[in-house]
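Comments concern the structure below.
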Amino acid sequence: MKGASAVATCGALLMAGLALAACSNDGSSTGMQALTAAGAAATTTAESGSGSAFPDGGAAATSSEPFTPFGTVPDSSEGGRQIIENPTVAEIMQTGTLPEMSLGKPDAPVTIVQYASLTCPHCRAFHRETFPEFKRTYIDTGKVRYILREFPIGKQSGNATIALRCAPPGKYFTLYGKYMEQQAAWVSQEVRLEPILAVAKQVGMTQPQFDACLKNQAMIDGLKWVKDRGRTLGIIGTPNFFVQGKLVKKTLAMSDIREMVEPLLSAPKSAAMSQNPG
């Protein structure tokens, strides 16, 4: 049974100690709920009805912990999630109050958008195994504009995501890389702020700055909008990608990127321009 196999995959990942990463996201019940470890897909950290590997509360939580909204789900009594079927480029590129975090030329002929959770082991694998070559081959050469959008799964990921957005814009991707590379040092089943701050300090963040970030409701609301909008566009987990407007729900290898990007680069200029989200 596919669901049972997915749960077994997630359990194997956790037992192997792969950063205790979230293997699924929030469920479908009303309001806040305790999140449990279940529902992983073999190639993506996916949303499922069973919740996240990172609890939103319970014995590990205390009243002094900062609240993050990323574990909440739409109220089923109000109709639940609304998904845009086949969203247009304009709908995909709509932004909220927070600026897009991107690399590459704004007018590059191809745009790739990644949705990522900082606790996701598959996002870490993409960052380590594929992203360096992808950046050298396509981003640095002006062929692809790369946009990273936050899709935190669980409170530990949510708090780290707030810290990531608080970094100076020029250090955002540096800090993102550090959170990915050092997952094993800061990811945990309980909410632990100290190791999250320890990574942020590596790009110059201070304790007062970190504390202020966790209380920045405008930023929290902006990040929640990014995730909720992602759900509306059909994002079900991490990593998910939009490649020139086409949704891809799997971890991309370099061969996948070449297969999708090269035809777009060789297309007639007028056709490429009509598909360009930038």
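Taking Rh as the Kirkwood radius computed over C-alpha pairs, what is the Stokes-Einstein D of the range 131-205 at 20 °C in a medium of viscosity 1.002 mPa s, expressed in µm² per second?
Translational D for this selection: 161 µm²/s.
Give the value in nm², to one decimal: projected area of the alpha carbon convex hull of the range 97-225, averaged over all directions. The partial results should precede the final answer.
Working: hull surface 30.5 nm².
Convex hull of Cα atoms, orientation-averaged projection: 7.6 nm².
If you take every residue apart from GLY177 with its C-beta less than 13 Å away from the C-beta of GLY177, what net charge results, scoring Lys and Arg +1 and Asp and Glu -1? Before the final figure, lay out the partial values.
Values: positive: ARG124, ARG128, LYS135, LYS171, LYS178; negative: GLU181.
That works out to +4.
Which residues in the range 194-217 place their backbone N less than 17 Å from a point set 7 Å from the Cα of GLU181 along the Cα-to-Cβ direction?
Zone members listed by number: 196-205.
Can you pull the one-decimal nm distance between simple spin-label points at SER255 and ASP107, each 7 Å off the Cα toward Cβ?
A separation of 3.6 nm, rounded to one decimal place.
Using only Cα positions of the range 166-278, each an equal point scatterer, no hydration layer, compute I(q)/I(0) via Debye at q = 0.13, 0.21, 0.24 Å⁻¹ and quote the log10 values to two decimals.
Here the Debye-derived log intensity ratios amount to -0.75, -1.26, -1.35.
Can you give me the pair-distance distribution of the range 83-147, C-alpha pairs, 5 Å bins, whole percents?
Taking all Cα pairs of the range 83-147, the binned fractions are 4, 15, 21, 23, 20, 16, 3 percent.
Quick check: net charge around MET219, other residues with Cβ under 12 Å of its Cβ, Lys/Arg +1 and Asp/Glu -1? Numbers along the way, then the final one.
On the way: positive: ARG165, LYS215, LYS224; negative: GLU150, ASP221.
Value of the local net charge: +1.
Would you mind computing, in nm to one decimal, how far apart the modelled labels at THR137 and GLN82 are, each placed 7 Å from Cα along Cα→Cβ?
4.0 nm
Readers should treat all values here as calculations from the given coordinates under stated rules, not as data from a laboratory. Values in this document were obtained by computation on a predicted structure and should not be read as measured data. No Cβ is skipped: glycine too gets one built from the backbone with ideal geometry, and neighbour counts run over all protein chains shown.
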